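Novice: Pasting in a structure now, in structure tokens, and then I'll have a few things to ask.
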Amino acid sequence: MNHPNFVSPDLIRQRFSKAMSDMYREEVPLYGALMELVEQTNRHVLDSDPQIAQQLASTGEIERLDLERHGAIRVGTADELATLARLFAVMGMQPVGYYDLTPAGVPVHSTAFRAVHEAALQISPFRVFTSLLRLELIEDLELRAFAQSMLDRRSIFTPMALTLIDLAETQGGLTESQASAFVEQALETFRWHHSATVTAEQYQQLSAQHRLIADVVAFKGPHINHLTPRTLDIDIVQAQMPAHGITPKAVIEGPPRRQCPILLRQTSFKALDEAIAFTDQNEARGSHSARFGEIEQRGAALTPKGRALYDRLLNAARDELKDFPNEANAARYNALMARHFNEFPDSWEGMRQQQLAYFRYFVTEKGLAAGDLKNAALEDLLSDGYLRVEPLVYEDFLPVSAAGIFQSNLGDTAQTHYGVHSNQQAFEKALGRPTIDELELYAQSQRRSIEQCFAALADVVPVNEKHG
Ligand code: OOG
Ligand code: NI
């Protein structure tokens with residue numbers, strides 16, 4: 001059955017990511033402006049900081065920087081989620097991580113579909129934050145039944161997309177022409193629709209329950225709601241957004257600014273009000289806001305120990321603030337974050353020695369010239385300069401940050417408190433498979449890089465043995 005002419009899933013993902021970006025740029029002009037601002041900023045950082053340029057060159061991140069973006073979608077049923085998992089699998093994307101947003105008053109739980117191996121990430125790091133609505137959180141039983149019936153009635157995939165997913169599964173891949181058709185058909189699922197599937201009154205009822213419920217239930221499909229480029233300096237972009245006609249949210253989510261960036265920092269601007277036609281109107285007289293803009297800066301992936309420290313410091317700062325960060329308390333929040341995060345070592349070597357972050361190991365020129373070192377200890381090889389390290393980039397998301405992004409863009413100041421919490425089991429049952437533990441993926445990448453170093457050192461022909 002194995003076909004020699006199948007297109008690699010990584011290349012299908014790379015093409016899909018480009019097609020998605022082109023579609024979004026066409027649909028949301030502000031996205032184009034944001035992309036330009038991010039490109040300018042990245043160029044400025046690379047020109048003015050040779051060390052960053054060199055670090056990104058040695059990890060290969062420089063080559064993926066312009067390709068790098070994530071999107072987000074929200075679906076309504078287990079079936080939709082399970083079929084999405086199959087669609088993303090055609091592009092080499094697996095569900096990584098479980099994020100529960102209910103503690104923050106957002107009635108969804110989520111995963112991120114992405115490539116899992118460093119070689120695949122290098123070809124395309126495209127990821128999609130995918131949320132499943134928790135209908136059981138709609139208290140009004142009649143409204144819940146209505147929402148369920150609307151969702152049961154829709155099909156978010158084109159018939160051709162479903163056929164091609166089946167084909168990819170049975171053949172074990174897609175040929176060139178099938179892959180092109182797949183990218184085109186898969187894209188349709190994420191397109192914006194100017195007409196809703198409900199009446200204006202039904203929309204109001206859904207929206208009154210939660211704006212997110214209306215966003216999922218009242219439309220034909222899970223429109224992509226943002227596409228986020230990666231910047232090398234988020235503070236510069238945040239500061240320059242207003243001059244480009246973009247108003248960012250009050251605070252940057254994630255860790256404070258540091259010498260050695262960790263995890264993920266994100267900021268976004270409010271969703272646009274867009275004209276919508278409801279089913280009882282023959283022209284677009286209503287409006288809906290769902291699509292927004294976001295940028296992010298990625299730093300080092302943290303170990304379980306590093307992540308626990310991050311969570312503790314973040315919670316301490318937020319506890320002391322005694323409120324959700326907002327316009328009025330932004331300066332105080334930033335000061336609290338900076339003070340609490342003083343406790344987090346801000347040098348790569350400090351983080352490595354305390355096992356707070358994951359790293360990739362490389363053999364140096366000196367190591368290649370040195371001869372047989374395969375029996376030496378890792379720490380000695382590093383301290384003697386035979387090996388060097390670069391941090392492994394964080395490829396995932398952060399639940400507290402995601403909640404902040406959701407809230408800012410739903411324009412929800414009122415907090416909903418849901419009695420129920422995390423239900424990873426129910427999520428995975430809907431998904432049809434377990435989610436992958438992201439920390440295990442980083443540990444594997446780190447381990448592979450160490451193994452590759454030792455293999456390279458073992459291959460070295462010692463200088464003094466070369467000539468006899
Ligand atoms: C997703 C919000 C979360 C992120 O990057 O953490 C998010 C959504 O609004 O659907 O985009
Ligand atoms: Ni996002």
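Novice: Out of the total accessible area of the chain (probe 1.4 Å, heavy atoms of protein only), what percent is carbon and sulfur?
Specialist: Here carbon and sulfur together make up 51 percent of the probe-accessible area.
Novice: Farthest toward the dipole's positive end in segment 1-90, which of Ala78, Met20, Ser58, given Cβ charges of +1 (Lys, Arg) and -1 (Asp, Glu) about the Cα centre?
Specialist: Ala78
Novice: Which of the aspartates and glutamates could be linked to Lys374 by a straight reach, that is with a Cα gap under 18 Å, when you skip same-chain ones fewer than 8 residues away?
Specialist: The qualifying aspartates and glutamates are Glu365, Asp384, Glu451, Asp459, Glu465.
Novice: Using helices alone, I'd like the mean residue ellipticity at 222 nm for the chain: each DSSP H run of four-plus residues gives -39500 (n - 2.57), total over residue count, nearest 500.
Specialist: The helix contribution divided over the chain gives -14500 deg cm²/dmol.
Novice: Moving on. If you take all C-alpha pairs in segment 200-277, what percent of them are over 21 Å apart?
Specialist: It works out to 46 percent of all Cα pairs.
Novice: Same structure, new question: Any idea what log10 I(q)/I(0) is at q = 0.16, 0.21 Å⁻¹ for segment 86-137, Debye with uniform C-alpha scatterers and no solvent?
Specialist: Log10 of I(q)/I(0), two decimals: -0.52, -0.74.
Novice: Another question about this same structure. Would you mind getting the accessible area per residue of the chain, heavy atoms of the protein chains only, 1.4 Å probe, in Å²?
Specialist: 44
Novice: Relative to the compact-globule scaling 2.2 N^0.38 Å, provide the ratio for the alpha-carbon radius of gyration of segment 273-348.
Specialist: After normalising by residue count via 2.2 N^0.38 Å, the value is 1.78.
Novice: Could I ask something else about it? Which entries in the list Lys18/Lys305; Lys18/Lys220; Lys270/Lys429; Lys305/Lys429; Lys249/Lys429; Lys249/Lys322 go over 27 Å, if you measure between the two C-alpha atoms of each?
Specialist: As for pairs spanning more than 27 Å Cα to Cα, those are Lys18/Lys305; Lys270/Lys429; Lys305/Lys429; Lys249/Lys429.
Novice: If you don't mind, there's one more thing I want to ask. Considering only the other residues whose Cβ falls under 14 Å of the Cβ of Glu349, what net charge follows from Lys and Arg at +1 and Asp and Glu at -1?
Specialist: -1
Novice: Taking the Cα centre of segment 188-332 as the origin and placing charges on Cβ (Lys, Arg +1; Asp, Glu -1), which of Thr247, Thr199, Leu264 is farthest toward the positive end of the dipole?
Specialist: Farthest towards the positive end: Leu264.
Novice: By how many degrees, 0 to 90 and rounded to 10, does the Cα axis of helix 159-171 deviate from the longest principal axis of the chain?
Specialist: Once rounded, one gets 30 degrees.
Novice: From the convex hull of the Cα coordinates of segment 358-454, what is the mean projected area in square nanometres?
Specialist: The orientation-averaged projected area of the Cα hull of segment 358-454 comes to 10.2 nm².
Novice: Tell me, what does the Kirkwood hydrodynamic radius of segment 290-439 come to in angstroms if you use every pair of distinct C-alpha atoms?
Specialist: Here the Kirkwood hydrodynamic radius works out to 19.2 Å.
Novice: Shifting gears a bit: Where the centre of each part is set by its Cα atoms, how far does segment 360-403 sit from segment 31-107, in angstrom?
Specialist: Centre-to-centre (Cα) distance: 24 Å.
Novice: Under a Cβ-only charge scheme (Lys and Arg +1, Asp and Glu -1), can you give me the dipole magnitude of the chain about the Cα centre, in debye to the nearest 20?
Specialist: 220
Novice: With 30 Å as the cut-off, how large is the P(r) tail for the chain, expressed as percent of Cα-Cα pairs?
Specialist: I get 49 percent for the Cα pairs in the chain exceeding 30 Å.
The values are calculated or read from the model by the stated rules, or taken from the named source; none is laboratory data. Everything numeric here is computed off the predicted structure, so don't read it as measured data. Backbone-built Cβ (ideal geometry, glycine too); neighbour counts: all protein chains shown. For the accessible areas, the whole protein counts, side chains as well, though only heavy atoms, and no ligand, DNA or RNA atoms are used. Shrake-Rupley method; radii C 1.70, N 1.55, O 1.52, S 1.80 Å.
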